[in-house]
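Here is the structure we will look at.
The values are calculated or read from the model by the stated rules, or taken from the named source; none is laboratory data. Not measured: the values here are computed from a predicted model. Here the Cβ positions follow ideal geometry from the backbone for every residue, glycine too, while neighbour counts run over all protein chains shown. The protein model used for the area step is the full one, side chains on, heavy atoms only, and it has no ligands, DNA or RNA in it. Shrake-Rupley method; radii C 1.70, N 1.55, O 1.52, S 1.80 Å.
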Amino acid sequence: MFKLKFVNDSDSKNSDYICAICKEFLYPDDTIQLSCCHMYCKECLKTLSDTTLYSSIECPLCTEKSRAKDIKTYNRFAYNILSSVEVYCPNSECNIKISSGRIKAHMKKCEYEKINCNYCDNKEILRKDYKKHLTDNMADHFLQLIEEVEDLKKKNF
């Protein structure tokens, strides 16, 4: 994920909002609760599971074993609390304050997200500048597309 900066400094110190394994914020959509009620990131729990995801997991905090049927992939109360935590957009030039529950959707359209051009080697172009980049480099991009089409034709025959 991405590193978040909290609007309220006290939220960054609230251990209930932080995964005890990776020490990162518990994103509402990616939080799993064990039978002991401790919560972790979905990805962190995958690393603890032996063979299949959540077959049997020992809690890193209290060592209680959780069986697959006792693990909650959705806790509405925790989801609502975590979703309401206010954060700043992680993109350095974007100063928007947003609830953590909406950060993923915001990141998909944030004008200050750095993206790579699909048609050339330019990396980390701000999304807001991407159309201008495409327009300014249209001839080069068009030639690149023609080369790719020709390569595809050769592979299909």
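The string of couplings for the stretch 8-21 from the Karplus curve (6.51, -1.76, 1.60, θ = phi - 60°) is 9, 4, 5, 5, 5, 9, 7, 5, 5, 9, 10, 5, 5, 8 Hz, one whole number per residue in order, with x for Gly and Pro. Within the straight-line cut-off of under 16 Å between alpha carbons, the lysines reachable from LYS128 are LYS108, LYS109, LYS114, sequence neighbours fewer than 8 places apart in one chain being disregarded. In this calculation the C-beta distance from CYS36 to SER12 is compared with R0 = 30 Å, giving a FRET efficiency of 0.75.
Under 5 Å between amide hydrogens, built in the peptide plane, is the criterion, and for ILE96 it picks out CYS89 among residues at least 5 positions away or on other chains. Listed values for the stretch 95-103 are Karplus-derived 3J(HN,Hα) couplings in whole Hz (6.51 cos²θ - 1.76 cosθ + 1.60, θ = phi - 60°), namely 10, 6, 9, 8, 6, 4, x, 10, 5, and x replaces Gly and Pro.
With the whole protein complex present, MET138 retains an accessible surface near 120 Å², based on a 1.4 Å probe.
Exceeding 31 Å between C-alpha atoms, which entries from my cross-link table qualify? They are LYS132/LYS155; LYS5/LYS69; LYS42/LYS131; LYS42/LYS97. Listed pairs above 31 Å: LYS132/LYS155; LYS5/LYS69; LYS42/LYS131. Would you please classify the overall shape of the stretch 17-122 from the alpha carbon gyration tensor, given that a ≥ b ≥ c denote the square roots of the eigenvalues, rounded means a/c under 1.5, and beyond that prolate means a/b larger than b/c while oblate covers the rest? Judged from the Cα gyration tensor, the stretch 17-122 comes out prolate (a/c at least 1.5, a/b above b/c).
In square angstrom, what is the accessible area per residue of the chain with a 1.4 angstrom probe? Numbers along the way, then the final one.
Working: 10650 Å² over 157 residues.
Ligands and nucleic acids excluded, the result is 68 Å² per residue.
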